[in-house]
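Report on the structure given below.
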Amino acid sequence: MKTNIPRIIAVSSGKGGVGKTNFVTNIALIMKSLQRRVLLMDADVGLSNIDIMFGIAPKYNIKHLLSGEKSIKDIIARTSEGIDIIPASSGIRELTQLTYYNKMKIIEELETIDNDYDIFLIDTGAGISDNVTFFCSAAHDNIVIVTPEPTSIADAYALIKVLYKEYGENNFRIVVNNIKNPKEAKETFRKISMVAERFLGINLDWLGVLPYDEKVKDAVIAQKPYVSLYPTSDFSKKLAEIARQLLKREVDLFKGGMQFFLKKALAKE
């Protein structure tokens, strides 16, 4: 893989509590095991979660970047597993609505590390806030996490609808999480894809399915990535399948590095 073409992948969800951050944390580790240089951004910038999942306490975060106190290289924290993280700040209300200047600052700083990574994973907040739609509209790939719960399906569709109608996004890859059997997974995907095709005229891509596993909560409580604790579980195997499926796409589709991020994101403002 060429070092100057970072792949930008945004992971989002219509509602919270569907396993989005757990998915991002573990998919980052799997991609690293597949010899990719991974940068993981906690883009829920007013609430910090990624650092907790890895059990670390970064000294600096996005707040220090946006204030001009630190550069992006200064705030990047490395986990013991070798994943580089751009930490969010916690309990900073003004960061829940990034200004145009904030977005410009983030983009300009990201361009300075264009050659350092192969994969740039963005863990967005949940819902349809301006911050969420900004990061989703700037990505090469949009992964939407959904569970069989009716509220999760409805809210995921609402996010897809906003991104399609207001930002022109039509590339959505669906991961169904917390399923108890294959039938439940197929039915969940059928419901959301049927509505998207009927009312938006777009086809959603099936990316994968993850089974319900009580040990996911145990990993969160232990503040350790799930795949580090249970590498041979069915959940970990399914995550690995999803990671490989993601990496199958041609690199030529992702020319331009962070300049793509810059042009595409600003075009939406």
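Read-outs: derived from the displayed coordinates by stated rules, not from any lab. Small disclaimer: the values here were computed from a predicted structure and weren't measured. Please note: Cβ atoms are built from the backbone with ideal geometry, for glycine as well, and neighbour counts cover all protein chains shown.
For the pairs K15/K105; K20/K105; K63/K105, flag any whose C-alpha to C-alpha distance is greater than 19 Å. The pairs that break the limit, which is 19 Å between Cα atoms, are K15/K105; K20/K105. Here's the picture: charge each Lys and Arg Cβ at +1 and each Asp and Glu Cβ at -1 in the chain, and of L210, N49, L121 the one pushed furthest to the positive end of that dipole is L210.
Tally Lys and Arg at +1 and Asp and Glu at -1 over the other residues with C-beta under 9 Å from the C-beta of I119: what net charge comes out? The answer is +3. Short-range pairs are left out: with C-alpha atoms under 8 Å and at least six residues apart, the relative contact order of the chain is 27 percent.
Bridges between two residues of the chain, per DSSP, are antiparallel at a rate of about 5%.
Dipole check for the range 11-263: with +1 at the C-beta of Lys and Arg, -1 at the C-beta of Asp and Glu, and the Cα centre as origin, the magnitude is about 460 Debye. Each peptide among 210-222, 52-64, 120-132 gets the average number of other Cβ atoms lying within 10 Å of its residues, and from highest to lowest they stand as 120-132, 52-64, 210-222.
Rounded to the nearest 20, the Cβ-based charge dipole of the range 85-211 about its Cα centre (Lys and Arg +1, Asp and Glu -1) stands at 740 debye.
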